[in-house]
Amino acid sequence: MGAISNPGGTTQGHPDAAARGVGAGVLALWAATAGYAALLVWQGFVLPEAVPGHIGPDGGVTRWGSRTEHLIVGTVLGAVMVAAFALPAVFIHRIDAAFLNVPHKEYWLRPEHRPAAQRMLADDMGWMGAATLVFIGFMMWQLGEVARGRPFPSWVLWAATGVFVAGVVAYSAWMSKGSRWRPPADGDLRR
């Protein structure tokens, strides 16, 4: 029960049959949050008083600020990102189905499939939030390294940005067009 047969004759677990509990994406978000917080605490001890407030596209510092400003901005930015990705996942069970935008709504928003859809949405938001925090953490770390006299070549930020954007686009495409949200072939688990 909870498994479906595919045309190749093998059996695979369906998301509706997924174990209850915290998904890998949610765990990734909390791990990224802990890593981000550790970075800020570490920077509070090792950064000099003057820290770049902004680095331009050429890698040059365009504005300087204080270590305190850097830590406050980093803390607020991190808290906003965690809230933006974690709170919807926590309260998703209270959101009216009309406001949920998922592929194959006709299947996933049925009452019997909605708990699985909620777990999958929480997991997807967790992965996106974790990726975002890692990217922001990298930028905060880069600012700190410049403050410590260890600047990066300008292409490093561009490469990191490209990897982040490509990853988000690829994951989004997999969610909307790939197998992530595809219902079973018969559209019913017959439970």
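The values are calculated or read from the model by the stated rules, or taken from the named source; none is laboratory data. Only a predicted model underlies this, so the values are computations on that prediction, with no experimental measurement involved. A quick note on method: Cβ atoms are made from the backbone with ideal geometry, for glycine too, and the neighbour counts reach across all protein chains shown. Ligands, DNA and RNA are stripped out before the accessible areas are found, and what is left, the full protein with its side chains, is counted by its heavy atoms. Shrake-Rupley method; radii C 1.70, N 1.55, O 1.52, S 1.80 Å.
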- Item | Residue among Gly178, Ala130, Ala37 farthest towards the positive dipole end of the chain, charges placed on Cβ | Gly178
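May I ask for the equivalent-ellipsoid semi-axes of segment 30-76, computed as the square root of five times each C-alpha gyration tensor eigenvalue and listed largest first in whole Å? Kindly include the intermediate steps, with their values, before the conclusion.
Details: eigenvalues 89, 35, 16 Å².
Here the semi-axes work out to 21, 13, 9 Å.
Beyond 23 Å, how much of the Cα-Cα pair distribution for segment 39-144 remains, as a whole percent? Don't skip to the answer; put the middle values down first.
On the way: 2544 of 5565 pairs.
Here the long-distance tail beyond 23 Å is 46 percent of all Cα pairs in segment 39-144.
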- What nm distance separates the two modelled labels at Phe45 and His93, each placed 7 Å from Cα along Cα→Cβ? 4.0
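Of Lys105, Lys177, which has the most accessible area and how do the rest follow, probe 1.4 Å? Kindly include the intermediate steps, with their values, before the conclusion.
Values: Lys105 80, Lys177 165 Å².
These residues rank, largest area first, as Lys177, Lys105.
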- Task: Work out the length of the dipole vector of the chain about its Cα centre, built from +1 on the beta-carbon of each Lys and Arg and -1 on the beta-carbon of each Asp and Glu, and round it to the nearest 20 debye.
- Result: 240
- Task: Would you check the accessible area of Ser179, probe 1.4 Å, heavy atoms only, in square angstrom rounded to 10?
- Result: 70
- Item | Size-normalised alpha-carbon gyration radius of the chain, reference 2.2 N^0.38 Å | 1.29
- Query: Can you give the accessible area of Glu69 in Å² (nearest 10), computed on protein heavy atoms with a 1.4 Å probe?
  - Reply: 70
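Given a 1.4 Å probe and every protein chain left where it sits, what share in percent of the accessible area of segment 57-191 is carbon and sulfur?
Working: 5160 of 7620 Å².
The value for segment 57-191 is 68 percent carbon and sulfur by accessible area.
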- Note on the structure: In terms of the charge dipole of the chain, which places +1 on Lys and Arg and -1 on Asp and Glu at the beta carbon, the residue among Ala97, Leu77, Thr161 farthest towards the positive end is Ala97
- Bin by bin, in steps of 5 Å, what percent of the Cα pairs in segment 107-148 do you find, going until the bin that has the longest distance? 6, 22, 13, 13, 10, 9, 8, 7, 6, 4, 2, 0
- In whole Å, what is the distance between the alpha-carbon centres of segment 84-104 and segment 108-128? 8
- Using a 1.4 angstrom probe, figure out how much accessible area the chain has per residue, in square angstrom, rounded to the nearest whole. 57
